[in-house]
Amino acid sequence: MAKQFVYDDDGDEITAWAESEAEAVENARSELDAAGVDLSDDEVRDRIRVIPSPQRIKSSAEEVLMDKRRRGGIEAAEVVESGMDVGLGTGSTTAWAIAAIGWKLDSGELEDVRGVATSLQSHDLARELGIPLTDVDGFDGLDVAIDGADQWDPENPHVVKGGGASHAREKLVDSMADRLVVATDDEKRSTPLSYPVPLSVLPESRNVAQRWVREMGGEPQLRYAEQKDGPLFTANGNVIVDCDFGEMDDIEGRATELARVPGAQEHGLFVDMVDSVVYGTDDGVDHVEF
Ligand SMILES: O=C(CO)[C@H](O)[C@H](O)COP(=O)(O)O
């Protein structure tokens, strides 16, 4: 179960984190008592919301709960209107957008929204939040996709993605959307992009792929799993080579080269795909439109 919190009447002053509804009610009760707020258990239960659980995401709990990521994600959900089919991205920032869509459906502010998840973890979060889900086969296109980024460029509509190893499915879903909205924060901004590009490859081609990346002038690094010996495997059974090219001035050229690597399945350069960036800052939220 994702963690939950409880709002007071004014919005968000009293927060109680928990793993289950019962625990959230109990934690909220002590917070409310300390603040001298009188609410019945039923009223407390009504104010509990499902929120992203740090355990399910690669980012640390601190990152998931970072105000700027939370703000960026929640603001990005403002693009969703009733009746829309929405791509649901992956990562700690997008998880807040998914949560916000779920809250709006719950309150009746949004109706008739269908989601297509870009990963199992986004699927599970959306399901817990009551967002109706379907898959890419159900659509010719989506109205909008909201997704995160490992690095974004304020001057160009490109991002690096795949820090959560979900870039293949993310690219599929994001490319189907009329509009891709990137939910992120100001710390991931860079012109030009320079973040190591994840390249998912067939397990058998991991060494060949690394040789090719070296020949392109990059520094390859096979991504290893945590809590498992050996490499990390993606949801589709591929492994990931993170390719550090330093500053990438010719992003289209890099994307073309990476796609040619033998055994390559997908790379994390999303070139010319971004329509808007919604990013959290220390003070609030800002937007870039392309
Ligand atoms: O591309 C991704 C997953 O494959 C994520 O969107 C990216 O890693 C950003 O995640 P976060 O918002 O947690 O930093």
If you average the sequence gap of Cα pairs under 8 Å that are 6 or more apart and divide by the length of the chain, what percent do you get for the contact order?
17 percent
Given a Förster radius of 41 Å and the C-beta distance between Leu172 and Arg211 as r, what FRET efficiency does 1/(1 + (r/R0)^6) yield to the nearest 0.05?
0.90
Expected unfolding gain across Glu247-Phe290 under the 0.36 nm per residue rule, minus the alpha-carbon gap, is 13.3 nm
What helix-only [θ] at 222 nm does the chain give? Using -39500 (n - 2.57) per DSSP H run of at least 4, over all residues, to the nearest 500, the answer is -9000 deg cm²/dmol
Residues of segment 80-100 with amide N under 11 Å of the 7 Å Cα→Cβ point at Ala235:
88-91
Apply 1/(1 + (r/R0)^6) to the Cβ-Cβ distance of Gln221 and Val37, taking R0 = 35 Å, and write down the FRET efficiency to the nearest 0.05.
0.10
For a distance above 17 Å, tell me the whole-number percent of Cα pairs in segment 208-250 that qualify.
41 percent
Could you give the length gained by full extension between Leu120 and Thr256, i.e. 0.36 nm per residue of separation minus their alpha carbon distance, to one decimal place?
46.1 nm
Can you give the net charge of the other residues whose Cβ lies under 11 Å from the Cβ of Pro192, counting K and R as +1 and D and E as -1?
-4
Treat each spin label as a single point 7 Å out from the Cα along the C-beta direction, and report the Arg29 to Asp67 distance in nm.
3.1 nm
Calculated over the chain: convex hull of Cα atoms, volume per residue (Å³)
131 Å³
Angle in degrees between helix 21-35 and the longest Cα principal axis of the chain, rounded to the nearest 10:
60 degrees
Hey, can you rank 148-158, 20-30, 246-256 by average C-beta count inside 10 Å, highest first?
148-158, 20-30, 246-256
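Taken together, the values in this text are just the output of simple stated rules run on the coordinates, not laboratory data. Not measured: the values here are computed from a predicted model. Ideal geometry is used to build each Cβ from the backbone, glycine not excepted, and the neighbour counts take in all protein chains shown.
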